[in-house]
Amino acid sequence: MLSSRERVQRALDHQEPDRIPLDLGGSGVTGMHVSTVYKLRQALGLDSPGTPVKVIEPYQLLGEIQPDLIAALGVDVIELPGRGTMFGFKKTGWKPWTTFDGTPVLVPDGFNTVPEPDGRIFMYPEGDKSVPASGQMPEGGYYFDTLIRQDSFDADNLTLDDNIEEFELISDEDLEFCSAAAKRLFATTDKAIFAAFPGLSFGDIAQVPAPWLKNPRGIRDIEEWYISLASHQDFVKEIFERQCEIALLNLQKVYAEVGNRISVILVSATDFGLQTGPFISPNVYRELFKPFNKRLNDWIHENTTWKTFIHSCGSVLAFIPDFIDAGFDILNPVQTAATDMDAAALKSKFGGQIAFWGGGVDTQSTLPFGTADEVRSEVLERLKIFGPGGGFVFNTIHNVQPKIAVENVLAMYETVREYGKYPIVK
Amino acid sequence: MTNYNELQECIIKGNRIKARELTQECLDNGNPAKEILDEGLIPGMAVVGKKFQDGEYFIPEMLVSARALNIGLGILKPLLEASDVKPVAKVLVGTVKGDIHDIGKNLVAIMLRGSGFEIIDAGVDVSPEKFVQMAKESGADILGLSALLTTTMTAMKDTVDAFQADGSRDKIKIMIGGAPVTTDYAEKIGADGYAPNAAIAVEMAKTLVGGSR
């Protein structure tokens, strides 16, 4: 039997391992909402009722995927944890909290929410309530979103330093933390280690408002940022240029510490797709984004054995040849329900050139609104489409959301276990 | 007669400084606000919608044009109101309860404005009761509901149901949109239509009011 690490490696090398590898929680785009993790742990009998689950990502409220859950489901990938969060506080000093749907959870001590009169709750950068809030969750909500803190700015006299404040060299403490974690996970587990570091994605809209900064300057409004992609491309290019220089230095520093213990690295999480087509012009991707994606991927490929991972939601067919050309090894989340994203067509057209990490089941319709039988049948279909020849790691299309029947989640993992062995039965 | 090509071009290219200048210039030359709207701004925005449909324009280009349009509309609005010009129809828009993602809703609103509709914007995280109340107060012909999340799209059904319960469902057309939303879902919850993007939303709104009059 292969180790998990070998299984993932083979799949990413476009060979058939013993079974289709499975990811859950390897990254912030392949995880599960804490409410669903709680329900799943209860259903599997891993916890007694009322046992809280840790929120390891306070923005999307992703739940911790602990070793017992990894073992129970046969997960092959493990996240290389970081110290920080989207809101700038560290993942330390856990305290109890309850989500709007009543799930008992644990959150870091910087997770200081304040209820507003209208029922919303606010979240503060570094947990500091003396500065304006940077996140909000509507009453009854399941995730935080950024609150835009945008001072007026002179669009014709933009200052580069304002928009690159967040890109800095990795601190010695963070580097040490990541190095120790990589060495520990490599030695004590057989899982493929999935790494993500701040500052690699160019123009990721979730990062533009910089909810971890107390007083962000420059272009921080989401709409302003998109407008700048059309009207201030030179300025955006300058930002990316500086960001890229720092990112390359950070990759070198990380590699010097962790070497090839990492299997996969999340290089880009910028969304380029809408449900119905490209978000931005493929030409703008080619001119503005691709050269920087390529520079990072090239460095990684020239110096490491890491596989490079791009996450982009939506309909991205128009970008896939450029993603491949830019040196991406892995595409995620393979949003098959979006326009032009038919699973079989993607596999036959691009399956030899890029590995699919996702596409396992639709999280917009089937998983939340379908029956367990519908989940089984869709998962089985995807195993048969994406599995043959390798180049496939099973994952849902983006994070598993809340408000999902646990029977559906169980049906998904049971189907992967039952029918995911190679050779895939047609 | 004024040649509106240049003003149209400002909207298409998203040149807001020139859009402001030209709109004002047309007014200063004595052109009626309604004519500037109908022959300058609206045809310009129609080209933007077409370019989006044809895959020539994308979200950033639409936003840039929308901004130029807003400037022109801002200048004309008080004059249009003073001269009692009737909009094509009134559309109440908002994101449903629990959902605060409004880029899609805002794009639909501006495309509708740029096609001669009056927009009443209910904002984000709007409860079914609030939609019912605002629809009554404004006399809206159409309600446009937006949701990005699977966890909030069910509030679209609650909103349609609230109009039913209130007895005012037949007084308003309801169209819905947002990433997880589909035509099937619109049918299932008893909405009048689903628009996959802002350009199609305009066509749908025109059809919906055309059908009711």
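The values are calculated or read from the model by the stated rules, or taken from the named source; none is laboratory data. Quantities reported herein were computed from a predicted structural model and do not represent experimental measurements. We place every Cβ from the backbone using ideal geometry, glycine too, and count neighbours over all the protein chains shown.
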Among residues of the range B:45-59, those that are surrounded by fewer than 22 Cβ atoms within 10 Å (Cβ to Cβ), within 14 Å of chain A (Cβ to nearest Cβ) and of a type outside the set (D, E), counted = 3
Please work out which one of (1) without any contact (Cβ under 8 Å) to a residue 24 or more places away in the chain; (2) touching a strand residue (DSSP E or B) at 6+ places or on another chain (Cβ under 7 Å); (3) away from chain A (no Cβ under 13 Å) is the condition B:T183 fails and give its number.
-> (3)
Per the list (1) within 14 Å of chain B (Cβ to nearest Cβ); (2) part of a helix (DSSP H, G or I), residue check on A:Q275 breaks on (2)
Go through the range A:122-148 and give me each residue that's touching a residue at least 12 places away in the same chain (Cβ under 8 Å) and more than 12 Å from every other protein chain (Cβ to nearest Cβ).
-> A:F122, A:M123, A:Y124, A:P125, A:E126, A:G127, A:D128, A:K129, A:V131, A:P132, A:A133, A:S134
Listed residues B:K34, B:K51; which is of a type in the set (K, R) and farther than 24 Å from B:K105 by Cβ?
-> B:K34
Residue pairs qualifying under the 6 Å Cβ cut-off, at least six apart or on distinct chains, with the first in the range A:249-268 being closer than 23 Å to A:L331 by Cβ and the second being of a type outside the set (A, V, I, L, M, F, W, C) and in a helix (DSSP H, G or I), are A:S268/A:N293
Quick one: is A:G110 surrounded by 18 or more Cβ atoms within 10 Å (Cβ to Cβ) and of a type in the set (G, A, S)?
-> yes
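So that you can scan it fast, the table gives a plain yes or no per residue for (1) in contact (Cβ under 8 Å) with a residue 12 or more places away in the chain; (2) polar (S, T, N, Q); (3) in contact with a Leu (Cβ under 9 Å, 6 or more places away or on another chain):
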| position | (1), (2), (3) |
| --- | --- |
| A:H301 | yes, no, no |
| A:T308 | yes, yes, yes |
| A:C313 | yes, no, yes |
| A:F323 | yes, no, yes |
| A:T339 | yes, yes, yes |
| A:A344 | yes, no, no |
| A:F350 | yes, no, yes |
| A:G359 | yes, no, yes |
Being within 14 Å of chain B (Cβ to nearest Cβ) and aliphatic (A, V, I, L, M) is the filter; apply it to the range A:282-319 and report the residue that is surrounded by the fewest Cβ atoms within 10 Å (Cβ to Cβ).
-> A:A318
Take B:A186 and decide whether it is out of contact with any His (no Cβ under 6 Å at 6 or more places or on another chain), farther than 30 Å from A:A405 by Cβ and not assigned by TED's automatic domain parsing to the domain that holds B:I36.
-> no
Residues located in the range A:2-20, provided they are surrounded by 21 or more Cβ atoms within 10 Å (Cβ to Cβ) and either outside any loop (DSSP other than H, G, I, E, B) or in contact with a Ser or Thr (Cβ under 7 Å, 6 or more places away or on another chain) (or both) = A:S4, A:R7, A:V8, A:A11, A:L12, A:R19
What are the pairs, 6+ residues apart or on separate chains, where a residue within the range A:60-77 that is crowded, with 21+ Cβ neighbours inside 10 Å has its Cβ under 6 Å from a residue that is among the acidic types (D, E) and at pLDDT 95 or above?
-> A:V77/A:D23
Mind listing whichever residues of the range B:61-75 are in contact with a Ser or Thr (Cβ under 8 Å, 6 or more places away or on another chain), at the interface with chain A (Cβ under 7 Å from one of its Cβ atoms) and farther than 12 Å from B:C10 by Cα?
-> B:E61
With respect to A:A230, determine if the residue is without any contact (Cβ under 8 Å) to a residue 60 or more places away in the chain, within 14 Å of chain B (Cβ to nearest Cβ) and over 22 Å from the mean Cα position of the chain (by Cα).
-> yes
